[in-house]
């Protein structure tokens, strides 16, 4: 018993690694923008009197995260003038994206949706695309910065920082807005302006960390060189200007080779993997768009939503992520993935029960506890699964592909969630989102019985 306890204590020492600790701040920087353009923004818009259908359609802003694979090869290979020489490949893109996020959040803060909704959407889109770019560079940094045995710890601290930022971007914004709101009976822009300006200043956490951390020491992969040689041989007989020839070789290495590598390694199982990635989070993502409008329509105050859903709920998610990490270590990734999928679907049914109770604080606490705990378990296992699928020669591009596929279909369907609620009500909506999780169970079972080749994940 004592030796087993000591082994767990020794395992916990991985969290003292400098780069593992650094992921806490970088995870904070990644998590801050997301809710500011999705969940918290939907609360702001609903309070301003924007209709639910419009709010549902505006959730498509989040599709930027789903198509980030389109420009991920640029983040993987393109050098930024001055910044790359100063900071290195990964940190240069991190710094640029963080500065754009900060500027765009200021733009959102200064725009009243009642007076100019289109301008607010423009700045929200800028935040979304810059945040998606930050994710591309950060995921690549996370995979490249440490050896494979530390990836679990990197994912855990990333999730912790991410969730802490979500508390600030949700509960923090609501509390700040409520604290300076002089007229709770009517909508005022000033409280939201002040809250979003505070969020813009909070991006300094990520900016400072990016300037402090060291660039990963990853040598130029032989695989990249080999793939570029293939392209060079393919166009050897073409009469091209040297610059055009070099551009075509570069484009092949940046755009085609990462996806070719994924297909070659996984072969017939590639489609199964992509299907699982595309559907795994569908229950949570589709349901999540209408959660804040649901709270408003059920009569919950900003303070209640902030305390229960945005603080307590996120703490439960962090606890779930920690449990998920332990379950993954003890029982394996695929079994934990299956458990997370089951729990994510079942806990959506608790919102059906809550909708029938109206304004019930205790019911909200119970529902949020179960829902966020299951989400944390699922997320922890899913990040570990995705990280194991990547080849570090193309870490930014391949992980961006996986995370984009993960969000594309759920985000698209979620855009119609407001119309569905208006037509059929919240209860039927939550039941439908739970049923969406059933195909995921089949895909996880099939993937668990397939043999995936992850041996090239870390090509140092």
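Here are a few things to note about the model shown:
- Exactly one residue out of 336, 367, 317 is crowded, with 23+ Cβ neighbours inside 10 Å and closer than 30 Å to residue 185 by Cβ: that is 367.
- Counted as qualifying within region 13-67 are the helices (runs of 4 or more DSSP H) with 2 or more residues that are at pLDDT 80 or above and more than 19 Å from the chain's Cα centre (by Cα), namely 39-47, 52-58.
- Checked against the criterion of being modelled with pLDDT under 85 and either assigned to a helix (DSSP H, G or I) or under 21 Å from the mean Cα position of the chain (by Cα) (or both), region 215-223 contains one or more residues that satisfy it.
Listed here are the residues, each with its yes/no results for (1) in contact with a strand residue (DSSP E or B) (Cβ under 6 Å, 6 or more places away or on another chain); (2) touching a residue at least 40 places away in the same chain (Cβ under 8 Å); (3) surrounded by fewer than 18 Cβ atoms within 10 Å (Cβ to Cβ).
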| residue | (1), (2), (3) |
| --- | --- |
| 259 | no, yes, yes |
| 264 | no, no, yes |
| 272 | no, yes, yes |
| 278 | no, yes, no |
| 293 | no, yes, no |
| 303 | no, yes, yes |
| 345 | no, yes, no |
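- Residue within region 125-146 that is farther than 23 Å from residue 73 by Cα and touching a residue at least 60 places away in the same chain (Cβ under 8 Å) present: no
- Restricting region 440-460 to residues that are over 15 Å from residue 273 (Cβ atoms) and touching a helix residue (DSSP H, G or I) at 6+ places or on another chain (Cβ under 8 Å), the residue that is modelled with the lowest pLDDT is 460.
- Checked against the criteria, residue 98 does not count as at pLDDT 85 or above and out of contact with any helix residue (DSSP H, G or I) (no Cβ under 7 Å at 6 or more places or on another chain).
- Matching residues, region 180-212, being within 20 Å of residue 141 (Cβ to Cβ) and within 22 Å of the chain's Cα centre (by Cα): 203, 204, 205, 206, 207, 208, 209, 210
- The one condition in (1) closer than 29 Å to residue 302 by Cβ; (2) outside any helix (DSSP H, G or I); (3) modelled with pLDDT of 85 or more that residue 182 fails to fulfil: (3)
- Some residue of region 80-100 being at negative phi and not in a helix (DSSP H, G or I): yes
- Count of region 263-301 residues, restricted to those that are part of a helix (DSSP H, G or I) and within 26 Å of residue 344 (Cβ to Cβ), is 27.
The values are calculated or read from the model by the stated rules, or taken from the named source; none is laboratory data. Keep in mind it's a predicted model, so treat the numbers as computed, not measured. All Cβ positions, glycine included, derive from the backbone under ideal geometry; neighbour counts span all protein chains shown.
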